[in-house]
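Read-outs: derived from the displayed coordinates by stated rules, not from any lab. Bear in mind that the values here come from a model prediction, so they are computed numbers and not experimental data. All Cβ positions, even for glycine, are placed from backbone atoms using ideal geometry, and neighbour counts span all protein chains on display.
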Amino acid sequence: DAGVIQSPRHEVTEMGQEVTLRCKPISGHNSLFWYRQTMMRGLELLIYFNNNVPIDDSGMPEDRFSAKMPNASFSTLKIQPSEPRDSAVYFCASSLARQGGPGANVLTFGAGSRLTVL
Amino acid sequence: AQTVTQSQPEMSVQEAETVTLSCTYDTSENNYYLFWYKQPPSRQMILVIRQEAYKQQNATENRFSVNFQKAAKSFSLKISDSQLGDTAMYFCASTFTQGGSEKLVFGKGTKLTVNP
């Protein structure tokens, strides 16, 4: 398995531009997570999906952020319009969550997308 | 509140020595999982060790072991015989169940430097 695949690895854009980050989870995994990592705030959970359905988006900072998971093999995180304070590393992770109780939610992370907004 | 606290922003240790990283968490759940992840300069997040809360026995993985104190909600990581390749950020994390689904919440991390 190629693991969790994120693109792009690096993105530099100007303030006000739209940014789309992409993620392909591990085949067979049913949960997908988007995290943002900054020096100041560490790893923050933005949103997570279970069986393609958004479960908790309380971590999404503003309406400028949106995430979709149209099918089990693809998710996007979009920022429109982008601002300098959105500069961070964005991680996608996936896992196989077992039904019927606490699953050993072992996340496999992608390599991250480093976003710089000028 | 679903919080994970790592009180040591930075630590250093000499090669071949032992170091312990601290972590506390806040949960009202009885069944949950705890993790330590490592993030080297490559920024890849790598699972180091996992503990199931209903198990009394502390998890071990080669040179890595944990001291899990459920009543105190403490989950420290011990690295024995430290190696230069252990230099990395270490994140403690706990699962929290919400609406029948789980999410993983991370602490802010401890930067560990292993000195030759």
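Taking the Cα centre as origin and putting +1 on Lys and Arg beta-carbons and -1 on Asp and Glu beta-carbons, what dipole magnitude results for chain B, to the nearest 20 debye? Intermediate values should be presented prior to the final figure.
On the way: 11 positive and 10 negative charges, 41 e Å.
It comes to approximately 200 debye.
For A:Gly112, neighbours were defined as the other residues whose beta-carbon sits under 9 Å from its Cβ, and their charges (Lys and Arg +1, Asp and Glu -1) total +3.
Neighbours of A:Ser82, meaning other residues whose beta-carbon lies under 10 angstrom from its beta-carbon, give a summed charge of -2 when Lys and Arg score +1 and Asp and Glu score -1. Counts of other chain beta carbons within 10 angstrom of each beta carbon in peptide A:108-117 average 2. Straight Cα distances below 15 angstrom link A:Lys24 to the aspartates and glutamates A:Asp1, with same-chain residues fewer than 8 positions distant left out. Counting only DSSP beta bridges with both residues in chain B, the antiparallel share comes to about 90 percent. Could you please state, rounded to a whole Å, how far the C-alpha centre of segment B:2-51 is from the C-alpha centre of segment A:63-95? Here the answer is 25 Å between Cα centres. Judged by the mean number of other Cβ atoms found within 10 Å, the most tightly packed of the peptides B:29-35, B:61-67 leads the ranking B:29-35, B:61-67.
Ranking B:Ser65, B:Ser94, B:Ser82 by how far each Cα lies toward the positive end of the dipole of segment B:37-116 (charges on Cβ) leaves B:Ser94 at the top.
For chain A, set up a Gaussian network in which alpha carbons nearer than 10 Å are linked by springs, and say which option among A:Gly42, A:Gly16, A:Gly59 fluctuates the most. Greatest mean-square fluctuation among the candidates belongs to A:Gly42.
For the protein assembly as shown, the dipole from Cβ point charges (+1 on Lys and Arg, -1 on Asp and Glu) about the Cα centre works out to 240 debye, to the nearest 20. Peptide A:70-81 has a mean of 0 when you count, residue by residue, the C-beta atoms of other protein chains within 10 Å of its C-beta.
Residues whose amide H lies under 5 Å from that of A:Ala111, counting only those 5 or more places away or on a different chain, are A:Gln6; hydrogens are built 1.01 Å from N in the peptide plane. Across the options A:Val53, A:Pro84, A:Pro70, the greatest Cα extent toward the positive end of the charge dipole of segment A:49-89 (unit charges at beta carbon of Lys, Arg, Asp, Glu) belongs to A:Pro70.
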